[in-house]
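S.K.: Got a structure for you, questions after.
The values are calculated or read from the model by the stated rules, or taken from the named source; none is laboratory data. Because the structure is predicted, anything quoted here is derived from the model rather than measured. FYI the Cβ positions are ideal-geometry reconstructions off the backbone, even for glycines, and counts take in every protein chain you see. Side chains are part of the model used for accessible areas, which takes the heavy atoms of the whole protein and leaves out ligands, DNA and RNA. Shrake-Rupley method; radii C 1.70, N 1.55, O 1.52, S 1.80 Å.
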Amino acid sequence: MSTLAEMWPFLRAGFTNTLVLLALSLVLSTILGTVLASMRVSPVLPLRAFGTSYVNIFRNTPLVVMFILIVEGFPPVDIRPNIEAIGLNTFETLAVFALTIYTAAFVCEALRSGVNTVDPGQAEAARAVGMTFTQTLSVIVLPQAFRAVIPPLASVYIALTKNTSVAAAFGVVEATAQLSRMNEQTVAGTGVLFFGIAAGYVVIVWVISGIAAFLERQVATAR
Amino acid sequence: MTEAALVPKSAEGGDSALVVLDGVNKWFGDLHVLQNINLTISRGEVAVVIGPSGGGKSTFCRTINRLEPIDQGEIRLDGKPLPAEGKGLARLRADVGMVFQAFNLFAHKTVLQNVTLGPIKVRGKREQDASERAQQLLDRVGVADQAHKYPAQLSGGQQQRVAIARALAMEPKVMLFDEPTSALDPEMIKEVLDVMVDLAKGGMTMVVVTHEMGFARTAANRVLFMADGQIVEEATPNEFFTNPKSDRAKDFLGKILKH
Amino acid sequence: MRFVRTKTLATAGVVALSMALAACGGDESGGDGAEVEVEEGDFPEGSQMAEFQEAGEITIGVKFDQPGIGFQQPGEDTPTGFDIEIGEYVAGKLGIEPENIGWRETVSDNREPFLENGTVDLVIASYTINEERRAIVGQAGPYYTTGQQILVREEDAETIDGPDKLSEVSVCSVTGSTSLENVVRDYGAEPAPFDTYSACVRQLQNETVDAVTTDGAILLGYAAQDPDNLEVVGEEFSEEPYGIGYYPNDDTEMCEFLNETIQQSIDDGYWAEGFEATLGQSGIETPDPPEQDPCP
């Protein structure tokens, strides 16, 4: 137990940071991804083209490259954001940027695949009663796409959880960076430390999967 | 509530031409599906479109509210040309009721919500007013007791009657029916046609694509015979069924009436 | 326990042959480092040293990204640096030719695991000796002692002139390094972990961090690359004794062999020669060699 007591401050500090990164980039990438998915199914060609290009570019760029581009590319042109209000320094903010821009492409595709499962007649009927594109999407199509979207979206968020660890090499002291710190500062074996960190990630992923399963059941019984 | 309440004010008076198609052409790739269609549908008129499959009937019907865009020509509704995609088109569609072959009821909404959604979201009506009106319409089409069920819990005939109520809730100037009974089991066809006949008697302007010759005889003011993307013949039902002029129409009627 | 050295005729023959070979090939192989003598030792049966000598090859974990210490030049087959010089000397004492050494890149995080699971036989990778590590692996030596210093931008050299000015200053170092822990724990610095020192130096140039910290020798190399903008400040504020990692940590024979070998390299002038050919190139004077810690 002394090992756990020794590890605890590191784990707490690390996972607090990991959860902040996760929460912010999850919310922001979902918003951005929804906008992109709307673009990809919109009747306006330039919007469709933009959505498609975005997905093709950022889904096919390795996350580490995104981090390098943003963390090493923004400051020289004087983009040094920080969100002091919630205690985010420049590196943490840039990490949220990188994770959001990257993950939004995957959120977009998960949503689009869900939209494709909805019978096109539903959208036709909505248009026929005079709904605008936005109403058709938000009132008729997306709510029905939601159920089909839960499993792929959960996968995207689980991947995002693990992807936050990339920030450990870009100035952010999150859970994975704490693993290295503990390696330096404690006498616990690497295996034990690894287990502590891995357990933290497993808990987060487990919560996401649990919420997804719960939502799936809710939607299923609502029919 | 009388039957007249189903018919909006705009159906009375004013210019008698409600829907005008002027030199309309449409292609699907190389296929010329609508060939130079010129047609005027007057207020209160019930036009029934019949003809062989693949003749362009459904496409014709769907161009009237621009669910299918056209390549050439112009379509005017109540004197105004159909706008391109956008808010203007959405406003115009609100004035055109549409009933689909596959019903297309909103699967995640109750029957009542299906009927109130348009008036609330598009017309900006208060929920209570929309619900009261919806209950009247559901009562009118005979499914008032199903109001809180989901579409999947209803029979096909019931679903299609809800779809008609949904269209009527928007107080449309004209109703389009795209083969409304083709997906129904035979015993349910009558309950839907009865509602449509009532509507026609009430003075609703209707364009009906159908294979139901009985409906055409009893309810139509005019029969349009469409084949190969053209309106081959137009006549009163009596004239068309007793004395068709074109060979295509004679051939078609010969095939369907011999049984 | 000490073992008796008896040089056999065969060993002498091998030494003579290898010296002749080294003389012939001197221009191609280790041309930029110190010459290594390869000679077979007499090791107790079953010892790790005997096993390495028997196999005629050894895998050594080194850094690939630290100029002057352990650095793999793109396009080169083998790394160069002071750690590599030491590695070649140790291998020579095991009768292993330089070309039979497998150089394996180790980073700060994987040195213990690589030793534990046998991925590498020894670690000579700017591997600071400390008790936490010695609880897991063995560390012989030290063979070199440097100290932690601070690299800052030229314009900040007046204000950040030592570690005591690092409180709440954003300091970059390699994820999980001792250096980073030192300034966080002792001086209240804000840690900014990156995976390489060169990434840290770019952050310093980008002004996203205000200092980079690690062993002085490494920082001097970077300062030399951009002398107008970067400056190493303050005294060395820690002692970083570099040791040779081995496994398991209770292998006293291995520890004694390594310590003896280090002392020999100092005594025969190889150590100074190797230093001058590597770290010495950055302009710093050759320091006095360190004393080795006693073996456990």
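S.K.: Hey, can you tell me all the residues within region C:111-133 that are free of Cβ contacts under 8 Å to residues at least 24 places away in the same chain and either at the interface with chain A (Cβ under 9 Å from one of its Cβ atoms) or under 22 Å from C:ALA217 (Cβ atoms) (or both)?
M.R.: C:PRO113, C:GLU131, C:GLU132
S.K.: C:ILE84 versus (1) within 14 Å of another protein chain (Cβ to nearest Cβ); (2) buried (at least 21 other Cβ atoms within 10 Å of the Cβ): which is the lone unmet condition?
M.R.: The one condition C:ILE84 does not meet is (1).
S.K.: Now, a different point. From A:VAL156, A:VAL173, A:VAL149, A:VAL207, grab the single residue that is within 27 Å of A:VAL96 (Cα to Cα) and open to solvent by 50 Å² or more (accessible area, probe 1.4 Å). Reasoning before the result, please.
M.R.: Details: A:VAL156 fails: open to solvent by 50 Å² or more (accessible area, probe 1.4 Å); A:VAL173 fails: open to solvent by 50 Å² or more (accessible area, probe 1.4 Å); A:VAL149 fails: open to solvent by 50 Å² or more (accessible area, probe 1.4 Å).
Of A:VAL156, A:VAL173, A:VAL149, A:VAL207, the one residue that is within 27 Å of A:VAL96 (Cα to Cα) and open to solvent by 50 Å² or more (accessible area, probe 1.4 Å) is A:VAL207.
S.K.: So, one more: Could you say which residue among C:SER179, C:SER198, C:SER173 is within 21 Å of C:GLY68 (Cβ to Cβ), open to solvent by 20 Å² or more (accessible area, probe 1.4 Å) and within 13 Å of chain A (Cβ to nearest Cβ)? Spell out how you get there, then give the answer.
M.R.: Numbers: C:SER179 fails: open to solvent by 20 Å² or more (accessible area, probe 1.4 Å); C:SER173 fails: open to solvent by 20 Å² or more (accessible area, probe 1.4 Å).
When all the criteria are applied, what remains is C:SER198.
S.K.: Looking only at region A:71-89, which residues are touching a residue at least 24 places away in the same chain (Cβ under 8 Å) and in a helix (DSSP H, G or I)?
M.R.: A:VAL71, A:ILE86
S.K.: For the list (1) among the acidic types (Asp, Glu); (2) in a loop (DSSP other than H, G, I, E, B); (3) more than 21 Å from A:PRO75 (Cβ to Cβ); (4) in contact (Cβ under 8 Å) with a residue 12 or more places away in the chain, I need the number of the one condition that C:ASP228 fails.
M.R.: Checking C:ASP228 against (1) among the acidic types (Asp, Glu); (2) in a loop (DSSP other than H, G, I, E, B); (3) more than 21 Å from A:PRO75 (Cβ to Cβ); (4) in contact (Cβ under 8 Å) with a residue 12 or more places away in the chain, the one that fails is (3).
S.K.: Restricting to region C:217-260, name every residue that is hydrophobic (A, V, I, L, M, F, W, C) and touching a Cys at 6+ places or on another chain (Cβ under 8 Å). Spell out the reasoning first.
M.R.: Taking region C:217-260 and keeping what is hydrophobic (A, V, I, L, M, F, W, C), we get C:217-220, C:223-224, C:230, C:232-233, C:237, C:244, C:254-255, C:257-258.
Answer for region C:217-260, where residues must be hydrophobic (A, V, I, L, M, F, W, C) and touching a Cys at 6+ places or on another chain (Cβ under 8 Å): just C:CYS255.
S.K.: Kindly indicate whether A:SER180 is over 22 Å from A:GLN218 (Cα atoms) and either of a type outside the set (Lys, Arg) or in contact with a strand residue (DSSP E or B) (Cβ under 8 Å, 6 or more places away or on another chain) (or both). Spell out how you get there, then give the answer.
M.R.: Working: over 22 Å from A:GLN218 (Cα atoms): yes; either of a type outside the set (Lys, Arg) or in contact with a strand residue (DSSP E or B) (Cβ under 8 Å, 6 or more places away or on another chain) (or both): yes.
In short, yes.
S.K.: Look through region B:151-167, keep the residues that are within 11 Å of another protein chain (Cβ to nearest Cβ) and either open to solvent by less than 50 Å² (accessible area, probe 1.4 Å) or not in a helix (DSSP H, G or I) (or both), and return whichever of them is farthest from B:THR205 (Cα to Cα).
M.R.: B:PRO151
S.K.: So, of the residues in region C:182-195 that are at the interface with another protein chain (Cβ under 7 Å from one of its Cβ atoms) and among the hydrophobic types (A, V, I, L, M, F, W, C), which turns out to be surrounded by the most Cβ atoms within 10 Å (Cβ to Cβ)?
M.R.: By that ranking, first place goes to C:ALA192.
S.K.: Hey, another quick one. When you scan region A:22-43, do you find a residue that is among the small types (Gly, Ala, Ser) and open to solvent by 50 Å² or more (accessible area, probe 1.4 Å), even just one?
M.R.: Yes, some residue in region A:22-43 is among the small types (Gly, Ala, Ser) and open to solvent by 50 Å² or more (accessible area, probe 1.4 Å).
S.K.: If you go through region A:126-145 one residue at a time, do you hit one that is away from chain B (no Cβ under 14 Å), within 25 Å of A:LEU28 (Cβ to Cβ), touching a residue at least 24 places away in the same chain (Cβ under 8 Å) and in contact with a Gly (Cβ under 8 Å, 6 or more places away or on another chain)?
M.R.: Within region A:126-145, none of the residues are away from chain B (no Cβ under 14 Å), within 25 Å of A:LEU28 (Cβ to Cβ), touching a residue at least 24 places away in the same chain (Cβ under 8 Å) and in contact with a Gly (Cβ under 8 Å, 6 or more places away or on another chain).
S.K.: Next up: Go through the residues of region B:94-106 one by one and say whether even a single one is at the interface with another protein chain (Cβ under 8 Å from one of its Cβ atoms), assigned to a helix (DSSP H, G or I) and open to solvent by less than 60 Å² (accessible area, probe 1.4 Å).
M.R.: Yes, because at least one residue in region B:94-106 is at the interface with another protein chain (Cβ under 8 Å from one of its Cβ atoms), assigned to a helix (DSSP H, G or I) and open to solvent by less than 60 Å² (accessible area, probe 1.4 Å).
S.K.: Which of the residues spanning region B:121-150 are facing another protein chain (nearest Cβ under 10 Å) and free of Cβ contacts under 8 Å to residues at least 12 places away in the same chain?
M.R.: Across region B:121-150, the qualifying residue is only B:LYS121.
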